[in-house]
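Colleague: First, the structure itself, so that you have it in front of you.
The values are calculated or read from the model by the stated rules, or taken from the named source; none is laboratory data. Owing to the predicted nature of the structure, the values given are computational and were not obtained by experimental measurement. So basically every Cβ, Gly included, is an ideal-geometry build from the backbone, and we count neighbours across all protein chains shown.
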Amino acid sequence: MKGRYEDENLKWIPFLILAVFLLPFILKGATFSYKYYLYILNMAGIYIILTVGLDLLSGFTGLMSLGHAAFLAIGAYTSAILVDQAGLPFELSLIITPVIVGLFGLVIGFPALRIEGMYLGLTTMGFGFIIKRLIIALSEWTGGSAGLHVSSASILGYSIKNDWDNYFLIYTFVIIAIIMTRRIIKSKLGRAFMAIRDSERAAEASGINLAKYKLISFFISGMFAGFAGVLFAHTSHFISTDHFDILLSIFFIVMILVGGIGSIYGAVLGTLFVVLMENMFIPLFEDGLAQVIHIESGELQAFIFGLIMLLFIIFQPQGLYGMWLKMRIYWKLFPFNPKKRFT
Amino acid sequence: MSDLLTGLLQESVSGIALGCIYALIALGFTLIYKATEVVNFAQGEIMMVGAYINFFFVTQFSAMAGELTGWVFLAALFCSIIFAVLFGIILDYVINRPLKDEPVFSIIMATISLAIILRSLTAMIAGPISLIPVSPFGDSTIKTAGIVISVLDLAIIICAFILMALFFFFFNKTRWGIAMKATSEDSEAAQLMGIPVKQVYRMVWVFAAIVGVISGVLLAPRMALLDTSMSFLGLKAFPAAILGGFGSIPGAIIGGIILGIIETISMGTLSFHFEWIKEINDIIVWIVLIAVLMIRPDGLFGIAKVKRV
């Protein structure tokens with residue numbers, strides 16, 4: 001009997017989850033510098049939680065946001081203030097902070113009811129700048145431009161000290177986030193989002209309350225970002241406004257685009273791809289190249305990053321997930337492939 | 001009181017000059033948006049490349065001529081514009097052509113990656129040291145009624161208005177301009193009507209590159225140092241373009257001037273008289289922008305598009 005998710009092959013999911021939790025042990029056995037890799041994977045995990053939420057907003061509801069770094073910043077600072085200065089337990093902050101950030105999502109969602117397309121993207125960008133300035137202005141709580149040190153998290157009496165513990169904490173939440181977004185997409189809510197993306201007028205004519213669902217989309221997306229912010233603050237132990245730059249917002253969009261916009265797995269793949277490429281493959285490649293030509297390394301890294309992005313968008317606009325789908329169809333039909341389909 | 005007034009007037013004038021720079025960058029956005037509905041995030045970078053190229057030509061020619069005369073600057077400007085034409089054609093081939101049938105979103109991302117590439121490439125070639133650009137007009141100023149205007153600012157304002165008028169005329173009166181308008185409306189229908197859509201696109205990118213390079217040439221001497229951070233002005237020109245309504249040429253210049261004046265005044269005189277403005281002067285343009293968009297979602301001069309299901 002075919003189940004609820006007949007279009008997907010679900011039998012691999014438990015193995016994938018198992019693999020995620022076995023990965024640190026494999027890394028520890030395989031390399032000496034496993035702590036560095038874990039740190040990068042943790043970053044990727046935090047970003048995955050955010051980009052999955054961003055995909056709900058930009059990929060599924062069709063509302064472009066260039067201000068998600070601001071949501072991440074609000075989450076990080078709120079949690080830091082709640083835990084360190086108000087003395088709340090970390091578990092409570094995990095619940096309260098996403099709601100607060102979700103409310104900020106509503107704040108930016110209200111103008112979004114009237115503003116569309118590119119205008120919305122740039123309005124959210126302006127929101128990002130304003131939030132950044134606000135954080136610096138409220139230096140009494142946030143430490144201003146000097147940044148803020150954040151304590152380690154402790155969950156259910158178990159204190160989380162290093163990247164090893166963080167990995168399990170973060171990836172548990174990553175899996176929860178992915179499952180949650182999948183459920184949202186398959187529900188009435190998700191179908192309403194997609195209807196709005198495909199045609200606002202048609203959705204409205206079919207009885208979808210545009211204002212309500214757009215605001216819900218902003219709220220949910222803000223909550224995911226807030227969640228990522230909490231984890232970010234307590235795993236990196238130091239937050240400053242420099243980190244939550246407009247470039248980070250743009251990178252988030254790049255991540256979901258590289259993965260394939262409008263698919264949850266695409267967002268996950270894209271985020272992993274971008275973070276790993278930026279932190280691991282480019283430096284490796286660079287070391288070799290730097291011996292041949294003597295160039296400032298930071299610039300070369302940005303150059304290679306931009307080049308790969310550009311080539312990727314030109315030659316693979318459907319993203320990594322689209323590539324995977326194409327490959328799957330190719331093997332299913334293997335000897336009888338119509339040529340036209342794969343050009 | 002008259003002190004405040006003179007101060008405000010003085011700052012308005014330099015605000016208009018700054019606003020005209022914003023307007024020129026916004027014009028670059030507008031041109032591309034008008035024909036292809038793509039928002040070119042690399043416009044600020046094109047401007048920066050233009051400034052660097054012009055600097056290169058100026059140093060080369062002045063070394064050849066042995067002195068720094070007006071002809072050197074003119075020749076450098078001429079060569080920079082030729083470079084801009086080539087640059088525009090290359091950008092069209094690299095960015096626009098391969099992505100013609102893709103969603104607009106992908107092309108925007110392509111321009112963002114282009115921005116990253118251009119910025120890092122410029123930094124690699126030019127090196128980490130900031131350059132000191134030379135103004136063709138020196139430090140000469142004009143003084144009228146207690147207000148001092150530098151000749152450079154005046155040149156910027158005049159240039160912006162001339163370019164704006166040229167493009168306004170071009171889009172409304174010439175065959176090619178109307179072809180561009182038609183292409184932006186519906187590229188397939190335009191193609192069926194016999195409009196060479198590919199050439200139209202190439203032309204638009206060339207125009208945008210020329211405007212970008214000219215704005216870079218004009219802006220560089222206005223800044224004390226020339227380095228890659230100049231490209232971030234491109235981000236600041238977005239509110240100008242949106243305020244005027246993306247795709248409206250008079251809107252771009254008026255939006256640019258409004259924001260230029262707001263920014264200069266809030267940084268200058270007003271911040272001495274009202275303490276709280278100092279806190280928000282770097283984001284004031286965005287606050288104005290969001291306020292305007294709440295009331296008029298298509299900008300001041302934008303035309304709301306009729307949407308079909």
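Colleague: Looking at the structure I just gave you, is B:Phe274 crowded, with 24+ Cβ neighbours inside 10 Å and modelled with pLDDT under 80? Even if it seems obvious, please write down each step before you answer.
Modeller: Working: crowded, with 24+ Cβ neighbours inside 10 Å: no; modelled with pLDDT under 80: yes.
So B:Phe274 fails the test.
Colleague: Could I ask something else about it? Which one is farthest from the other protein chains (Cβ to nearest Cβ), of the residues in region A:231-263 that are of a type in the set (Phe, Trp, Tyr) and more than 24 Å from A:Glu140 (Cα to Cα)?
Modeller: So in region A:231-263, the residues of a type in the set (Phe, Trp, Tyr) come out as A:232, A:238, A:244, A:251-252.
Remaining after also requiring more than 24 Å from A:Glu140 (Cα to Cα): A:251-252.
Working: A:Phe251: 9, A:Phe252: 12 Å.
That would be A:Phe252.
Colleague: Answer yes or no as to whether A:Phe285 is farther than 27 Å from A:Leu120 by Cα, modelled with pLDDT under 80 and aromatic (Phe, Trp, Tyr). Please lay out each step first, then the result.
Modeller: Working: farther than 27 Å from A:Leu120 by Cα: yes; modelled with pLDDT under 80: yes; aromatic (Phe, Trp, Tyr): yes.
In short, yes.
Colleague: Follow-up question, since we're still on this one. Being closer than 22 Å to B:Tyr33 by Cα, at pLDDT below 80 and not polar (S, T, N, Q) is the requirement here; does B:Leu99 meet it?
Modeller: Working: closer than 22 Å to B:Tyr33 by Cα: yes; at pLDDT below 80: yes; not polar (S, T, N, Q): yes.
When the stated conditions are applied, B:Leu99 passes them.
Colleague: On the given criteria, is A:Ala202 small (Gly, Ala, Ser) and crowded, with 22+ Cβ neighbours inside 10 Å?
Modeller: Working: small (Gly, Ala, Ser): yes; crowded, with 22+ Cβ neighbours inside 10 Å: no.
No; evaluated as a whole, the condition is false for this residue.
Colleague: Test of understanding: among B:Leu219, B:Leu226, which residue is more than 14 Å from chain A (Cβ to nearest Cβ), within 18 Å of B:Phe56 (Cβ to Cβ) and crowded, with 23+ Cβ neighbours inside 10 Å? Walk me through how you get there before you give the answer.
Modeller: Details: B:Leu226 fails: crowded, with 23+ Cβ neighbours inside 10 Å.
Of the residues listed, the single one that is more than 14 Å from chain A (Cβ to nearest Cβ), within 18 Å of B:Phe56 (Cβ to Cβ) and crowded, with 23+ Cβ neighbours inside 10 Å is B:Leu219.
Colleague: Please work out which residue is nearest to the other protein chains (Cβ to nearest Cβ), limiting yourself to region A:150-181 and to residues that are free of Cβ contacts under 8 Å to residues at least 24 places away in the same chain and part of a helix (DSSP H, G or I).
Modeller: Once the filter is applied, the top-ranked residue is A:Met180.
Colleague: Just checking, which of B:Ile112, B:Ile116, B:Ile125 is of a type in the set (Val, Ile, Thr), part of a helix (DSSP H, G or I), facing another protein chain (nearest Cβ under 7 Å) and closer than 30 Å to B:Phe73 by Cα? Let's see the steps before the verdict.
Modeller: Numbers: B:Ile112 fails: closer than 30 Å to B:Phe73 by Cα; B:Ile125 fails: facing another protein chain (nearest Cβ under 7 Å).
Testing whether each residue is of a type in the set (Val, Ile, Thr), part of a helix (DSSP H, G or I), facing another protein chain (nearest Cβ under 7 Å) and closer than 30 Å to B:Phe73 by Cα leaves just B:Ile116.
Colleague: Of the numbered conditions (1) at positive phi; (2) modelled with pLDDT of 85 or more, A:Gly87 fails exactly one; give the number of that condition.
Modeller: Just one mismatch for A:Gly87, condition (2).
Colleague: Something else now. Can you pull out every residue in region A:98-127 that is over 18 Å from the mean Cα position of the chain (by Cα), assigned to a helix (DSSP H, G or I) and of a type in the set (Val, Ile, Thr)? Give the steps one after another, and end with the answer.
Modeller: To start, the set of residues in region A:98-127 that are over 18 Å from the mean Cα position of the chain (by Cα) comprises A:100, A:103, A:106-120, A:122-123, A:126-127.
Next, only the ones that are assigned to a helix (DSSP H, G or I) stay: A:100, A:103, A:106-112, A:117-120, A:122-123, A:126-127.
Scanning region A:98-127 gives A:Ile100, A:Val107, A:Ile108, A:Thr123.
Colleague: Assess whether A:Ala44 counts as being surrounded by 13 or more Cβ atoms within 10 Å (Cβ to Cβ), at pLDDT 80 or above, under 26 Å from A:Leu138 (Cα atoms) and of a type in the set (Gly, Ala, Ser). Talk me through it step by step, then tell me what you get.
Modeller: Details: surrounded by 13 or more Cβ atoms within 10 Å (Cβ to Cβ): yes; at pLDDT 80 or above: yes; under 26 Å from A:Leu138 (Cα atoms): no; of a type in the set (Gly, Ala, Ser): yes.
Taking the combined requirement at face value, the residue does not satisfy it.
Colleague: Now for a separate question. For region A:139-167, name all the residues that are at pLDDT below 75 and in contact with a strand residue (DSSP E or B) (Cβ under 8 Å, 6 or more places away or on another chain).
Modeller: Of everything in region A:139-167, those that are at pLDDT below 75 and in contact with a strand residue (DSSP E or B) (Cβ under 8 Å, 6 or more places away or on another chain) turn out to be A:Ser152, A:Ala153, A:Ile160.
Colleague: Among the helices (runs of 4 or more DSSP H) contained in region B:1-106, which hold 2 or more residues that are over 20 Å from the mean Cα position of the chain (by Cα) and among the acidic types (Asp, Glu)?
Modeller: B:2-36
Colleague: Moving on. Quick check on region A:42-97: of everything there that is among the hydroxyl-bearing types (Ser, Thr, Tyr), within 27 Å of A:Ile208 (Cβ to Cβ) and part of a helix (DSSP H, G or I), which residue is farthest from the other protein chains (Cβ to nearest Cβ)? Break it down into steps so the answer makes sense when it comes.
Modeller: Quick first cut of region A:42-97, residues among the hydroxyl-bearing types (Ser, Thr, Tyr) only: A:47, A:51, A:58, A:61, A:65, A:77-79, A:93, A:97.
Retained after the next criterion (residues that are within 27 Å of A:Ile208 (Cβ to Cβ)): A:51, A:58, A:61, A:65.
Adding the requirement that they be part of a helix (DSSP H, G or I) leaves A:51, A:58.
Details: A:Thr51: 14, A:Ser58: 9 Å.
Once the filter is applied, the top-ranked residue is A:Thr51.
Colleague: Just name the residue that is surrounded by the fewest Cβ atoms within 10 Å (Cβ to Cβ) out of those in region A:18-41 that are outside any helix (DSSP H, G or I) and not aromatic (Phe, Trp, Tyr). Steps first, please.
Modeller: Taking region A:18-41 as the starting set, the residues that turn out to be outside any helix (DSSP H, G or I) are A:31-33.
Now narrow it down to the ones that are not aromatic (Phe, Trp, Tyr): A:31, A:33.
On the way: A:Thr31: 11, A:Ser33: 9.
By that ranking, first place goes to A:Ser33.
Colleague: Out of the residues in region A:305-319 that are of a type outside the set (A, V, I, L, M, F, W, C) and more than 7 Å from every other protein chain (Cβ to nearest Cβ), state the one that is nearest to the chain's Cα centre (by Cα).
Modeller: Within region A:305-319, the first condition is being of a type outside the set (A, V, I, L, M, F, W, C), and the residues that meet it are A:306, A:316-319.
Then keep just the ones that are more than 7 Å from every other protein chain (Cβ to nearest Cβ); that gives A:316, A:318-319.
Details: A:Gln316: 20, A:Gln318: 18, A:Gly319: 16 Å.
Restricting to residues being of a type outside the set (A, V, I, L, M, F, W, C) and more than 7 Å from every other protein chain (Cβ to nearest Cβ), the top hit is A:Gly319.
Colleague: So, A:Gly147, is that one away from chain B (no Cβ under 14 Å) and touching a residue at least 24 places away in the same chain (Cβ under 8 Å) or not? I'd like the intermediate steps shown before the answer.
Modeller: Working: away from chain B (no Cβ under 14 Å): yes; touching a residue at least 24 places away in the same chain (Cβ under 8 Å): yes.
Taking the combined requirement at face value, the residue satisfies it.
Colleague: Would you confirm whether any residue within region A:213-224 is of a type in the set (A, V, I, L, M, F, W, C), more than 14 Å from every other protein chain (Cβ to nearest Cβ), touching a Pro at 6+ places or on another chain (Cβ under 9 Å) and under 14 Å from A:Ile49 (Cα atoms)? If you could, list the steps in order and put the result at the bottom.
Modeller: Just the residues of region A:213-224 that are of a type in the set (A, V, I, L, M, F, W, C), to begin with: A:215-216, A:218-220, A:223-224.
Adding the requirement that they be more than 14 Å from every other protein chain (Cβ to nearest Cβ) leaves A:215-216, A:218-220, A:223-224.
Filter once more, keeping what is touching a Pro at 6+ places or on another chain (Cβ under 9 Å): A:223-224.
With under 14 Å from A:Ile49 (Cα atoms) added as a condition, the list becomes A:223-224.
The answer is yes; a qualifying residue exists.
Colleague: Separate question: Residues of region A:182-208 being within 14 Å of another protein chain (Cβ to nearest Cβ), among the aliphatic types (A, V, I, L, M) and in a helix (DSSP H, G or I), which ones?
Modeller: So the first thing to find is which residues in region A:182-208 are within 14 Å of another protein chain (Cβ to nearest Cβ), and the list is A:195-206, A:208.
Among the residues that remain, those that are also among the aliphatic types (A, V, I, L, M) are: A:195-196, A:202-203, A:205, A:208.
Residues satisfying the conditions are A:Ala195, A:Ile196, A:Ala202, A:Ala203, A:Ala205.
Residues checked against (1) under 25 Å from B:Arg296 (Cα atoms); (2) surrounded by fewer than 23 Cβ atoms within 10 Å (Cβ to Cβ); (3) not basic (Lys, Arg):
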{"position": "A:Ile100", "(1), (2), (3)": "no, yes, yes"}
{"position": "A:Leu106", "(1), (2), (3)": "yes, yes, yes"}
{"position": "A:Pro111", "(1), (2), (3)": "yes, yes, yes"}
{"position": "A:Arg114", "(1), (2), (3)": "yes, yes, no"}
{"position": "A:Met118", "(1), (2), (3)": "yes, yes, yes"}
{"position": "A:Met125", "(1), (2), (3)": "yes, no, yes"}
{"position": "A:Ile130", "(1), (2), (3)": "yes, yes, yes"}
{"position": "A:Ala137", "(1), (2), (3)": "no, yes, yes"}
{"position": "A:Glu140", "(1), (2), (3)": "no, yes, yes"}
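Colleague: Return the only residue of A:Leu134, A:Leu148, A:Leu122, A:Leu113 being out of contact with any helix residue (DSSP H, G or I) (no Cβ under 7 Å at 6 or more places or on another chain) and under 20 Å from A:Val101 (Cα atoms). Break it down into steps so the answer makes sense when it comes.
Modeller: On the way: A:Leu148 fails: out of contact with any helix residue (DSSP H, G or I) (no Cβ under 7 Å at 6 or more places or on another chain); A:Leu122 fails: out of contact with any helix residue (DSSP H, G or I) (no Cβ under 7 Å at 6 or more places or on another chain); A:Leu113 fails: out of contact with any helix residue (DSSP H, G or I) (no Cβ under 7 Å at 6 or more places or on another chain).
Only one candidate passes the filter, namely A:Leu134.
Colleague: For B:Gly127, all conditions in the list (1) without any contact (Cβ under 8 Å) to a residue 12 or more places away in the chain; (2) under 26 Å from B:Tyr201 (Cα atoms); (3) surrounded by fewer than 19 Cβ atoms within 10 Å (Cβ to Cβ) hold save one; what is the number of the exception?
Modeller: Of everything listed in (1) without any contact (Cβ under 8 Å) to a residue 12 or more places away in the chain; (2) under 26 Å from B:Tyr201 (Cα atoms); (3) surrounded by fewer than 19 Cβ atoms within 10 Å (Cβ to Cβ), B:Gly127 misses just condition (2).
Colleague: Cβ-Cβ under 6 Å, sequence separation 6+ or interchain: first residue in region A:80-97 and surrounded by fewer than 19 Cβ atoms within 10 Å (Cβ to Cβ), partner of a type in the set (Ser, Thr, Tyr) and at pLDDT below 85. Which pairs?
Modeller: Partner pairs satisfying both residue conditions: A:Asp84/A:Ser151.
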